[in-house]
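Presented below is the structure to which this report refers.
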Amino acid sequence: MRFLPKSAFGQTVLLIGMLLLINQVVSYLSVTYYFIRPSYQQINNLLATQINLVFIEEIDHKDPELHKRFFAATGMRLLSNEQAQAEGVEQAIYYPYLSRQMSLKLGGESEVRITQGNPYLVWVKPPQDPSVWVTIPMLSHGESDISPLTIYLLVIGILSVAGGWIFVRRLNKPLQALQHAAIDVGRGNIPPPLEAQGSTELMAVTQAFNQMAKGIKQLEDDRALLTAGISHDLRTPLTRIRLATEMLPEAQDWLKEGIVNDIEDMNEIIDQFINYVRQDQQESMVSVDVNELIRDAVQVRNIEEHHNIHLHLNPIPTACMRRVALKRVLDNLIENAFRYGSEDIEIHSGYDKARNLLFFSIRDFGPGIPDTQIEGLFKPFTQGDKARGSLGSGLGLAIIKRIVDMHSGEVTLKNHPEGGLIASIFIPHTCP
């Protein structure tokens, strides 16, 4: 039979209960044995010894000269009831426990009162002469040696903190593993199954997550296989159509040119399907200089007539990225800016040190996009406003968003106040 609870709630209650029990037991023992009992015993013995000296048979305790000598030697005084009342004995605090202990030490009924101050003033009415009060000054409690109590209190604090740390660490370890795995899934990387550990609730969540990740991977594999099969099956008849088109007589060149353009558009759409499914997951992370990547992309575009790119690049530290995938993002954004925007575009780059983000943006000077349509542009098969001449499959921005998400980044679109559209990419700076 298992007596230990398996749920997080039961374990938490048990742990807190055990820590509190240990805390109370150790506190009670330490305070009782190392502070209260020795202190009271010492006070009672000291007071009783001094009072017994006053009432030795050979000594006249009412002798005024003896009072002076006792006061000079010990600070102790003997006062009549009238003198004691005049000096505030009624305002002193009565202590029943000390009174009982003093009665045992002196062999008769005694009364103990204490006036707080520095030093404390102890009032004792001795059984040897109830008509007098004996006053004895005592050092304040704060000046006594309580190092054993301090040590035990430190031990209690350390045990409580250590116990809480062990519990939180045991609870957080599987949660952190789940967090990292969920981030990987969000980036499109399916991690291996996680080990089920911790409480029953965490084990159930881990098993559910593993099952979910397995299902997602199966769906991704099936979709990739389906898309690859469809693409392959589509390319075969397209190839036959193109070969047949090439055999058309010259008198039908106008028809041949239209068919060839349609075939090229269909091939481009098929390539976008494949790129959207592939997600560049197999590419490894390497150290990339974003500015260098931008210059390379611009150099390729500069050979095209009527296309002008103006660079405004600021220093950017190198970071770990998927180089080919990021290059695809740049190419797609530049292509969109030229195709749907204007023949002149601007590219800016920089590094936000406060947020530890690399960023680059591409601005065109075209008609822009209505603000109401921007939010949905990153969804697959969504096309922009017809004013920009939107054509194609509507997967370009969806591919860009997937690649940026794999880098834990963010892509935004917004219209410039002076006209045109700005596409911005923000990526966290990681390694080297």
For the stretch 143-159, indicate whether the set of residues that are β-branched (Val, Ile, Thr), touching a helix residue (DSSP H, G or I) at 6+ places or on another chain (Cβ under 8 Å), surrounded by 15 or more Cβ atoms within 10 Å (Cβ to Cβ) and modelled with pLDDT of 80 or more is non-empty.
-> no
Matching entry among ASN314, ASN302 (being more than 30 Å from LEU226 (Cα to Cα) and at pLDDT 90 or above) | ASN314
How many residues of the stretch 288-319 are among the aliphatic types (A, V, I, L, M) and open to solvent by 60 Å² or more (accessible area, probe 1.4 Å)? The answer is 3
Residue selected from the stretch 338-348 under the condition modelled with pLDDT of 90 or more and crowded, with 20+ Cβ neighbours inside 10 Å, by the criterion nearest to HIS306 (Cα to Cα) | ILE345
From (1) touching a Gly at 6+ places or on another chain (Cβ under 9 Å); (2) modelled with pLDDT under 90; (3) aliphatic (A, V, I, L, M), pick out the condition that doesn't hold for LEU358.
-> (2)
When both residues are 6+ apart or on different chains and their Cβ atoms are under 7 Å apart, which pairs have a first residue that lies in the stretch 94-112 and is part of a strand (DSSP E or B), and a second that is of a type in the set (Lys, Arg)?
-> TYR94/ARG113; GLU111/LYS125
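Residues checked against (1) under 32 Å from the mean Cα position of the chain (by Cα); (2) crowded, with 16+ Cβ neighbours inside 10 Å:
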site	(1), (2)
LEU397	no, yes
ASP405	yes, yes
GLY409	yes, yes
HIS416	no, no
LEU421	no, yes
SER424	yes, yes
THR430	yes, no
Just name the residue that is surrounded by the most Cβ atoms within 10 Å (Cβ to Cβ) out of those in the stretch 320-337 that are among the aliphatic types (A, V, I, L, M) and more than 16 Å from GLU410 (Cα to Cα).
-> ALA337
What's the number of the condition MET76 fails, among (1) modelled with pLDDT under 85; (2) touching a Phe, Trp or Tyr at 6+ places or on another chain (Cβ under 9 Å); (3) hydrophobic (A, V, I, L, M, F, W, C); (4) farther than 16 Å from ASP129 by Cβ?
-> (4)
Verdict on GLN42 being in a helix (DSSP H, G or I) and at pLDDT 70 or above = yes
Does the stretch 275-287 contain any residue that is at pLDDT 80 or above, open to solvent by less than 80 Å² (accessible area, probe 1.4 Å) and at negative phi?
-> yes
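The values are calculated or read from the model by the stated rules, or taken from the named source; none is laboratory data. Note that the structure is a prediction, hence the values are computed from the model and not measured. Cβ coordinates were reconstructed from backbone atoms using ideal geometry, including for glycine residues, and neighbour counts include every protein chain displayed. Each accessible area value is taken on the protein alone, full model and side chains, heavy atoms only, with ligands, DNA and RNA left out. Shrake-Rupley method; radii C 1.70, N 1.55, O 1.52, S 1.80 Å.
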